[in-house]
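Okay, structure first, notes after.
Nothing in this text is a laboratory measurement; each read-out follows from the coordinates by a stated rule. Source: prediction; values computed, not measured. Glycine also receives a Cβ, built like all others from the backbone with ideal geometry; neighbour counts cover every protein chain displayed.
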Amino acid sequence: MKRRKKKRAGCLTYIIILLAAVCIASTAATAYLLREEGRREQLKRAITETIAKKEIPYQDIEGTEVSEAQKYYYGKLGEEERRAYLEILQGVYENKEKIYVHSSNATRTNEIFHYVLKDSPDIFWCDGTTTTTAYTGEEPYTVMEPVYLCDSKERGEKQMVIDTAVDKFLEGISVNASEYDKILYVYEYIVNTVEYDIESEDNQNIYSVFGNQRSVCAGYAKATQYLLEELGVFCTYVTGKVEGGQPHAWNLVMCDENYYYVDTTWGDPVFQSQDGESQEQGYISYDYMCCSDEELFKTHTPDGDVELPRCTKMDDNYYVVNEMYYSFYDKEEALKAMNKVIRDGGESVVLKYADAYTYGRAKEDIFENVLDEAAQNLADLYGLEKVSYSYIDDERLNKIVIYWNYDA
């Protein structure tokens, strides 16, 4: 009996010990699971906090300088949008695939991007298109992905071509020339060296002008802006539409403290007459060499994306400066202008009138009377039996141009 009691006691002790061990193991497992769950929650919170605090890689704009006096579109922005402008500018200069911008509005960011390009004719490696995405959150921002036309190596090679052409251009004018002379020099340089070609490569940027000498209005206007900035003359890029609703680009300049419009593209002979006669003559039009709102808006309509200053003067228009502009009609003045050109052996005489009424009076008398007198003077002076001439009668611009033929 004593042996059986001892056996039962040992069994009971063993069972108690076993149950205690199981209980301890269960408690340890539960504690472990709780600790692991706590660690996971802690890690989750840490990751969330890290994501929330992650720095957005905005562009470093330290040292980026923009002259408000020269960069017109930058000057139209408020402080916050100027910051976005500078971030975009720096990102494009660095050929960044993604540009992070302090902006919550993708549409507005895209508009500011185009302001950057309008202010920066030197940016020839960016085609003006971009994918723009806005992100919301604790700190909203926008990511731009511009399309670049070339890599850094090709960009450097093209810049060397541009620099060579510009250096040669600068040899032809003094830094001490007047603002008017600088604007005229650029105007004639662009018209005389560039051929209008809608199929030309890079025709939306300055390389088409300085590298290929073939471009369209965007290239003409950006090259005009680029060269005038080199000469220290205020010039900005303006977009809009012309007759027929066609998109177009031209420039706004400042000359002798007054604003004027300049359109080098329309100075090219290809735009001067529908019948192509002026193109055959090689005639440069100076109607858009420093003209007023009133003159420009006969054919051009700005987009209105920013407010533009009033251009109320014609004082520095080419025809005014060169005494080919008339505020009233005088037969003797018209004949005197023709005879002077004939006496000097000049190719053409330009008679531009201030308004439609004056032009109408002049046109009637010139074609009925004055031309015959001038032609007879030419015949007498050069001993010709027969005189021939051609002309452009531009009703839109209140202008008559006579081309004299000196061959017998």
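In this structure, the pairs whose alpha-carbon distance is over 23 Å, taken from Lys336/Lys386; Lys168/Lys340; Lys118/Lys241, are Lys168/Lys340. Go through Lys71/Lys222; Lys96/Lys153; Lys71/Lys98 and tell me which ones have a Cα-Cα distance over 19 Å in this structure. Pairs exceeding 19 Å: Lys71/Lys98. Diffusion coefficient of the range 76-121 by Stokes-Einstein, Kirkwood radius over Cα pairs, 10 °C, 1.306 mPa s: 150 µm²/s.
Hey, got a sec? Which GluC sites (Glu not before Pro) in the range 334-389 land in a DSSP loop and have at most 10 other Cβ atoms within 10 Å?
On the way: sites: Glu347, Glu364, Glu368, Glu373, Glu385; in loops: Glu347, Glu385.
When the GluC sites (Glu not before Pro) of the range 334-389 are filtered for loop state and at most 10 Cβ neighbours within 10 Å, Glu385 remain.
For Thr133 and Val321, the FRET efficiency from 1/(1 + (r/R0)^6), where r spans their Cβ atoms and R0 equals 41 Å, is about 0.20. What FRET efficiency would be calculated for the residue pair Asp393, Asp256, taking the C-beta separation as r and a Förster radius of 35 Å, to the nearest 0.05? The value I calculate is 0.65. Site pair Leu384 and Glu333 shows an inter-label distance of 2.7 nm when each label is modelled 7 Å from Cα along Cα→Cβ. Of the residues Gly219, Tyr185, Trp125, the one whose Cα sits farthest toward the positive end of the charge dipole of the range 117-231, with +1 on the Cβ of Lys and Arg and -1 on the Cβ of Asp and Glu, is Tyr185.
Projecting each Cα onto the charge dipole of the range 254-399 (Lys/Arg +1, Asp/Glu -1 at the beta carbon, about the Cα centre), which of Gln376, Cys290, Asn258 comes out farthest on the positive side? Farthest towards the positive pole: Gln376. Put a dot 7 Å past the Cα of Gln376, heading toward its Cβ, do the same for Tyr406, and the two dots end up 2.3 nm apart.
The modelled label-to-label distance between Glu145 and Tyr58, using points 7 Å beyond Cα along the C-beta direction, is 2.3 nm. Structural size metrics of the range 197-268, computed from C-alpha coordinates, are Rg and Dmax of 12.2, 38 Å.
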